[in-house]
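One structure below.
The values are calculated or read from the model by the stated rules, or taken from the named source; none is laboratory data. Just so it is clear, the model here is predicted, and its values are computed rather than measured. Here the Cβ is made from the backbone with ideal geometry for all residues, glycine too, and neighbour counts use every protein chain on show.
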């Protein structure tokens, strides 16, 4: 471990001892019945997220990353264990949690402004106050002048900016993001990463972000949780001792590369386990 990483880890450790968790996932397991079989997606998973933190979850396909977010969002019930937000147990969906999916999930019949303000209108917020919040987030996501356009006239990256703005406009306690940039091309994805970090620096919203991309997990996160292959469990917690604000150039720094190598080895082990499990059921390169 390098001296600079040791020094930053001291700072992070001191912070973690003082800060109380905002979100607590406590021994959560989730099983599904499928074709007469019981499938375990998550197994005894425990972790936390602190106020204002940006935490990323990384793991091989099928490890239950998205299931974790759905349990936290209240979209599915855990088979065992529980989730607490601000020391209150979660039993279903609520406005205290916002979610952004990989798909854009915008209402095609509403304009950009109307999409962003949809939740605010449902709350019965006055038009003037709603307009002020919408304009704030249009500026924040760099879409000034696009407010009256419809989603079918926007690029993929622009649509996802609107989805993020809509979630933030409702001022949730926690923002849950399920591979929000997974459908974007590499260049747009890079731009969106930097834009989201800028938005987060301004809002200091607590974010839990699921991704398959190791570079993305490190670049975005204060901590990276690495999951095992199915059944998903927490394999490792990797602090990211890289100062903020961060610029794209940090991805070529020695510390970033060190973290990437460490996490890549963890993910590689789990990917081989997943491949071996499939192989035991008849997979081969000629049948894949």
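Would you check if residue 159 is assigned to a strand (DSSP E or B) and under 24 Å from residue 73 (Cβ atoms)?
The answer is no for residue 159.
For segment 92-135, enumerate the residues that are assigned to a loop (DSSP other than H, G, I, E, B), touching a strand residue (DSSP E or B) at 6+ places or on another chain (Cβ under 8 Å) and under 15 Å from residue 169 (Cβ atoms).
Of everything in segment 92-135, just one residue is assigned to a loop (DSSP other than H, G, I, E, B), touching a strand residue (DSSP E or B) at 6+ places or on another chain (Cβ under 8 Å) and under 15 Å from residue 169 (Cβ atoms), namely 96.
Only residues that are more than 15 Å from the chain's Cα centre (by Cα), at negative phi and free of Cβ contacts under 8 Å to residues at least 60 places away in the same chain: list them for segment 41-90, please.
75, 76, 77, 78, 79, 80, 82, 88, 89, 90
Among the residues of segment 179-197, which ones are under 15 Å from the mean Cα position of the chain (by Cα) and more than 18 Å from residue 99 (Cβ to Cβ)?
189, 193, 194, 195, 197
Could you please find all residues in segment 136-156 being part of a helix (DSSP H, G or I) and crowded, with 18+ Cβ neighbours inside 10 Å?
137, 138, 140, 151 - these are the residues of segment 136-156 that are part of a helix (DSSP H, G or I) and crowded, with 18+ Cβ neighbours inside 10 Å.
On the given criteria, is residue 30 free of Cβ contacts under 8 Å to residues at least 40 places away in the same chain and farther than 25 Å from residue 194 by Cα?
It is false that residue 30 is free of Cβ contacts under 8 Å to residues at least 40 places away in the same chain and farther than 25 Å from residue 194 by Cα.
Within segment 39-79, track down each residue that is within 19 Å of residue 263 (Cβ to Cβ) and in a strand (DSSP E or B).
45, 47, 49, 54, 55, 56, 57, 58 - these are the residues of segment 39-79 that are within 19 Å of residue 263 (Cβ to Cβ) and in a strand (DSSP E or B).
For segment 45-64, indicate whether the set of residues that are more than 24 Å from residue 269 (Cα to Cα), at pLDDT below 95 and surrounded by fewer than 17 Cβ atoms within 10 Å (Cβ to Cβ) is non-empty.
no
Considering only residues that are buried (at least 19 other Cβ atoms within 10 Å of the Cβ) and over 18 Å from the mean Cα position of the chain (by Cα), which ones fall in segment 91-118?
106, 112, 113, 115, 116, 117, listed by residue number.
Of the conditions (1) touching a residue at least 60 places away in the same chain (Cβ under 8 Å); (2) surrounded by 14 or more Cβ atoms within 10 Å (Cβ to Cβ); (3) over 19 Å from residue 57 (Cβ atoms), residue 267 fails just one. Which one is it?
(3)
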